[in-house]
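See below for the structure under consideration.
The values are calculated or read from the model by the stated rules, or taken from the named source; none is laboratory data. Predicted model, so just to flag it, every value in this text is computed and none were measured. Every residue, glycine as well, gets a Cβ built from its backbone with ideal geometry; the counts of neighbours run over all protein chains shown. Ligands, DNA and RNA are excluded from the accessible area calculation, which covers all protein heavy atoms including side chains. Shrake-Rupley method; radii C 1.70, N 1.55, O 1.52, S 1.80 Å.
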Amino acid sequence: MIKVEAVSKSYGNTLAVKQVSFEVSEGENLILLGTSGCGKTTTLKMINRLITPDAGNILVNGKDIAKEKPEVLRRGIGYVLQNTGLFPHYTVAENIAIVPKLLGWEKEKIKSRSNEIIEKLHLSEKYLSAYPGELSGGQQQRVGLARALVTDPSVLLMDEPFGALDNVTRTSIRKEFKGLEELKRKTMVMVTHDIHEAFELADRICLMNKGEIVQIGTPKDLLYKP
Ligand code: ADP
Ligand code: ADP
């Protein structure tokens with residue numbers, strides 16, 4: 001689980017995140033929703049220490065992340081980006097194997113787990129030998145998710161994961177995402193500026209404006225209790 005306690009971050013004179021607090025439990029998807037520049041990405045990146053807060057504390061699975069080595073912390077956290085971050089000159093299999101290799105997994109284990117995760121994300125095994133550029137946007141996004149999930153992290157952070165997709169692909173991949181068995185027990189934080197996406201995918205929505213949380217609650221709470 002994740003606990004964010006009164007966290008703030010400035011860039012020079014810009015107060016990007018101001019006294020933000022929330023908790024996310026296991027199996028829950030919390031969505032940070034708001035217009036561009038409201039502090040969503042900064043908040044997300046503080047959870048895996050890509051950005052260090054100026055004030056406040058963040059606990060991941062009960063541990064204060066400021067006291068952990070970033071590389072140890074990130075082993076337990078999957079991170080998915082809008083532009084997927086896949087290496088174009090690596091095959092899909094090589095992209096998925098990057099972190100398992102760093103962790104020293106045996107070749108056979110990497111192979112079997114890669115096959116398993118690719119199947120769970122509804123991608124054909126034949127894509128393992130393809131290069132990202134040979135796949136559609138939706139398929140690339142699934143590979144990005146496969147790469148984040150291959151080591152079975154307990155936490156998954158996603159920054160506009162469907163942002164680069166066309167509308168039709170976006171709608172269908174969203175539906176698929178909701179039913180993924182692999183995500184059932186993850187602690188998830190997702191960033192989006194798309195209100196429809198937030199209402200469809202969130203267990204709870206954290207509405208942000210100018211670095212602050214304006215409202216936080218289930219989609220129903222937000223609709224019926226203004
Ligand atoms: P969002 O993800 O909601 O679009 P960000 O967290 O990216 O918002 O940005 C919040 C604010 O902080 C914005 O005003 C943005 O311009 C500013 N900001 C973000 N990153 C930097 C940076 N590296 N240097 C200076 N300002 C930044
Ligand atoms: P996104 O909208 O996907 O969050 P941005 O375009 O806001 O991405 O930011 C892209 C990168 O530029 C990020 O690493 C962010 O920290 C940085 N950045 C954002 N705003 C500023 C800014 N005003 N000055 C410097 N860097 C910024």
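Descriptive notes on the structure:
- Residue count, the stretch 103-140 (criterion: open to solvent by 60 Å² or more (accessible area, probe 1.4 Å) and not in a loop (DSSP other than H, G, I, E, B)): 13
- Residue that is nearest to ligand 2 (Cβ to nearest atom) [pool: residues in the stretch 26-36 that are within 18 Å of residue 61 (Cα to Cα) and out of contact with any Ser or Thr (no Cβ under 7 Å at 6 or more places or on another chain)]: 30
- Only listed residue being of a type outside the set (Lys, Arg) and surrounded by 21 or more Cβ atoms within 10 Å (Cβ to Cβ), chosen from 168, 143: 143
- Residue, nearest to residue 23 (Cα to Cα), within the stretch 60-89, restricted to residues that are in contact (Cβ under 8 Å) with a residue 40 or more places away in the chain and open to solvent by less than 40 Å² (accessible area, probe 1.4 Å): 60
- Conditions (1) surrounded by fewer than 19 Cβ atoms within 10 Å (Cβ to Cβ); (2) within 18 Å of residue 162 (Cα to Cα): number failed by residue 31: (1)
- Of the set (1) without any contact (Cβ under 8 Å) to a residue 12 or more places away in the chain; (2) open to solvent by 60 Å² or more (accessible area, probe 1.4 Å), all apply to residue 179 but (2).
- Scope the stretch 37-66; condition within 12 Å of ligand 2 (Cβ to nearest atom) and under 16 Å from the mean Cα position of the chain (by Cα); matching residues: 39, 40, 41, 42, 43, 44, 45, 46, 50, 51
- Residues satisfying the stated conditions in the stretch 182-198, i.e. open to solvent by 70 Å² or more (accessible area, probe 1.4 Å) and either among the charged types (D, E, K, R) or away from ligand 1 (no atom under 16 Å from the Cβ) (or both): 184, 185, 196
- Just so you know, in the stretch 185-206 the residues that are of a type outside the set (D, E, K, R) and assigned to a helix (DSSP H, G or I) include one that is nearest to residue 31 (Cα to Cα), and it is 198.
- Subset of the stretch 146-165 [open to solvent by less than 30 Å² (accessible area, probe 1.4 Å) and assigned to a helix (DSSP H, G or I)]: 146, 148, 149
- When the stretch 34-59 is filtered for residues that are among the β-branched types (Val, Ile, Thr), more than 10 Å from ligand 1 (Cβ to nearest atom) and open to solvent by less than 40 Å² (accessible area, probe 1.4 Å), the ones remaining, listed by number, are 47, 58.
- Each residue in the stretch 88-101 was checked for being farther than 11 Å from residue 143 by Cα and in a loop (DSSP other than H, G, I, E, B), and 3 of them qualify.
- Taken over the stretch 209-223, the criterion of being of a type outside the set (D, E, K, R), open to solvent by 10 Å² or more (accessible area, probe 1.4 Å) and part of a strand (DSSP E or B) is satisfied by 209, 213, 214, 215, 216.
- The numbered conditions (1) more than 16 Å from ligand 2 (Cβ to nearest atom); (2) within 24 Å of residue 76 (Cβ to Cβ) are all true for residue 19 except (2).
- The listed residues are 162, 177, and the only one of them that is within 16 Å of ligand 2 (Cβ to nearest atom), at pLDDT below 90 and touching a helix residue (DSSP H, G or I) at 6+ places or on another chain (Cβ under 8 Å) turns out to be 162.
- Residue count for the stretch 166-184, restricted to those that are more than 15 Å from residue 122 (Cα to Cα) and part of a loop (DSSP other than H, G, I, E, B): 2
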